[in-house]
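Participant: Please find one structure pasted underneath; my questions will follow.
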Amino acid sequence: MKRVRNGRIHGKVNTNGTVTGRCTHSYPNIAQVPAVRAPYGKECRELFKARDGYVLVGCDASGLELRMLAHYLAGFDGGQYGRQLLEEDIHTVNQQAAGLKTRDQAKTFIYAFLYGAGDGKIGEIVGGTAREGKALKQRFLTSLPALNALKKAVEAKVKRSGFLRGLDGRILPIRSEHSALNTLLQSAGAVVMKQALIGLNAHLATSNWRVMQDYAFVANIHDEFQTEVKPELADQFGKTACIAIREAGRHLKMKCPLDGEYKVGNNWAETH
């Protein structure tokens, strides 16, 4: 509560605060407010609400991490993973590739894998050991040879130079080979969302939206925008934000089309 002034938390944001280009948040770190499904997450997020006379519009990129993966895989699989992502249930595809029992396991597994989780952590997903985690990762890479090739190419580049080039050409210093792919994907997602925000602002300006009257940005966290909007304009704003995400993908020549989705509510628990 000591950070509250006039009913608002005015946190600090560094828009390029990480190596990957993601924003960093401090005083407080608003990005660490627990997700709705986490213990007390719903109760925490319900505390963040729109001011009187406004609603909250939350817009986020659809499957951002996996679309970034599909973009980089396209050079190795001709766009196959991207087509599966758009035309099939990608978590079922991953479930079959990894030989997992459930779709939920596959969903947990793919994000853990992309974030560079170790064998032990991967093993926990199936209630097993590090040995089982190692076997699971190997089975997945064998089933997706393009991913194996991408992973090896990225790690070889890091071994040679110690860095990767981001989507926008920035140098990405890499601490360890196991974090290389995650750093590349996370940076690509950050660049995409920054471009989407630029595009959204351009759309709003040309349509004569009035900042602090028709709308006001309140949070920009990873792959989501949270914005206060006049109720009668909420759906129009959400649709425009989704258009901006799609346009960002085309602008950056992504090899997997991007998309967004939005929710309208009275508080953060209802909009993400």
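Participant: Tell me, which longest segment in the chain has none of the trypsin sites (Lys or Arg not before Pro) that fall in DSSP loops with at most 14 further Cβ atoms within 10 Å?
Facilitator: On the way: sites that count: LYS2, ARG3, ARG37, ARG51, LYS101, ARG175, ARG210, LYS253.
By the stated rule (loop sites, at most 14 other Cβ atoms within 10 Å), 102-174.
Participant: What is the distance, in nm, between label points placed 7 Å from the Cα along the Cα-to-Cβ direction at LYS152 and at ALA38?
Facilitator: The answer from the label model is 3.8 nm.
Participant: Here is a follow-up. With labels modelled as points extended 7 Å from the Cα through the Cβ direction, what inter-label distance (nm, one decimal) is found for GLU46 paired with GLU88?
Facilitator: 4.1
Participant: Would you mind checking the pairs LYS12/LYS134; LYS134/LYS253; LYS42/LYS107; LYS42/LYS152; LYS101/LYS159 and listing those with alpha carbons more than 31 angstrom apart?
Facilitator: Violating the 31 Å limit, Cα to Cα: LYS12/LYS134; LYS134/LYS253; LYS42/LYS152; LYS101/LYS159.
Participant: Which FRET efficiency value, to the nearest 0.05, is calculated for ALA31 and LYS239 with the Förster distance at 30 angstrom and r the Cβ-Cβ distance? Intermediate results must be reported in sequence, preceding the final value.
Facilitator: Values: r = 26 Å, r/R0 = 0.86.
The pair ALA31/LYS239 has a calculated efficiency of 0.70.
Participant: Around LEU167, which amide H atoms from residues at least 5 apart in sequence, or from another chain, sit under 5 Å from its own amide H, with H modelled in the peptide plane?
Facilitator: Those lying under 5 Å, H to H, from LEU167 are ALA188.
Participant: Kindly provide the chymotrypsin sites (Phe, Trp or Tyr not before Pro) of segment 1-79 that DSSP labels as loop, not H, G, I, E or B, and whose Cβ sees at most 10 other Cβ atoms within 10 Å. Walk me through the numbers on the way to the answer.
Facilitator: Numbers: sites: TYR40, PHE48, TYR54, TYR72, PHE76; in loops: TYR40, PHE48, TYR54.
For chymotrypsin sites (Phe, Trp or Tyr not before Pro) across segment 1-79 that sit outside H, G, I, E and B with at most 10 neighbouring Cβ atoms in 10 Å, the list reads TYR40.
Participant: Lysines near LYS239 by alpha-carbon distance under 18 Å, same-chain residues fewer than 8 away left out - which ones?
Facilitator: LYS194, LYS230, LYS263
Participant: May I pose another question? Tell me, what is the FRET efficiency for PHE217 and LYS121 to the nearest 0.05, using R0 = 51 angstrom and their Cβ-Cβ distance as r? Before the final figure, lay out the partial values.
Facilitator: Working: r = 35 Å, r/R0 = 0.69.
So, using R0 = 51 Å, E works out to roughly 0.90.
Participant: Further question: Could you pull out the chymotrypsin sites (Phe, Trp or Tyr not before Pro) across segment 80-132 that fall in loop regions by DSSP (anything but H, G, I, E, B) with no more than 15 other Cβ atoms inside 10 Å? Mind dumping the intermediate values first?
Facilitator: Working: sites: TYR81, PHE109, TYR111, PHE113, TYR115; in loops: TYR115.
Within segment 80-132, the qualifying chymotrypsin sites (Phe, Trp or Tyr not before Pro) (loop, at most 15 other Cβ atoms within 10 Å) are TYR115.
Participant: Let me ask another. Quick one: plug the Kirkwood hydrodynamic radius of segment 78-173 (C-alpha pairs) into Stokes-Einstein at 4 °C, 1.567 mPa s, and report D in µm²/s.
Facilitator: The estimated diffusion coefficient comes to 89 µm²/s.
Participant: Still on this structure, please answer the following. Using r as the Cβ-Cβ distance of HIS203 and VAL13, and R0 as 25 Å, what FRET efficiency do you calculate, to the nearest 0.05?
Facilitator: Working: r = 22 Å, r/R0 = 0.88.
E(calc), rounded to 0.05, equals 0.70.
Participant: Cα-based Rg (one decimal) and Dmax (whole number) for the chain, in Å?
Facilitator: For the chain, the Cα-based Rg and Dmax read 19.8, 59 Å.
Participant: Please report the relative contact order for segment 78-173, taking Cα pairs under 8 Å with a sequence separation of at least 6, and give it as a percent rounded to a whole number. It would help to have the intermediate numbers written out before the result.
Facilitator: Numbers: 89 pairs, mean separation 15.5, N = 96.
The normalised contact order for segment 78-173 reaches 16 percent.
We did not get these values from a lab; they are worked out from the coordinates using the rules stated. In this text the structure is predicted, and so the values were computed from the model without any measurement. Cβ: placed from backbone, ideal geometry, glycine included. Neighbour counts: every protein chain shown.
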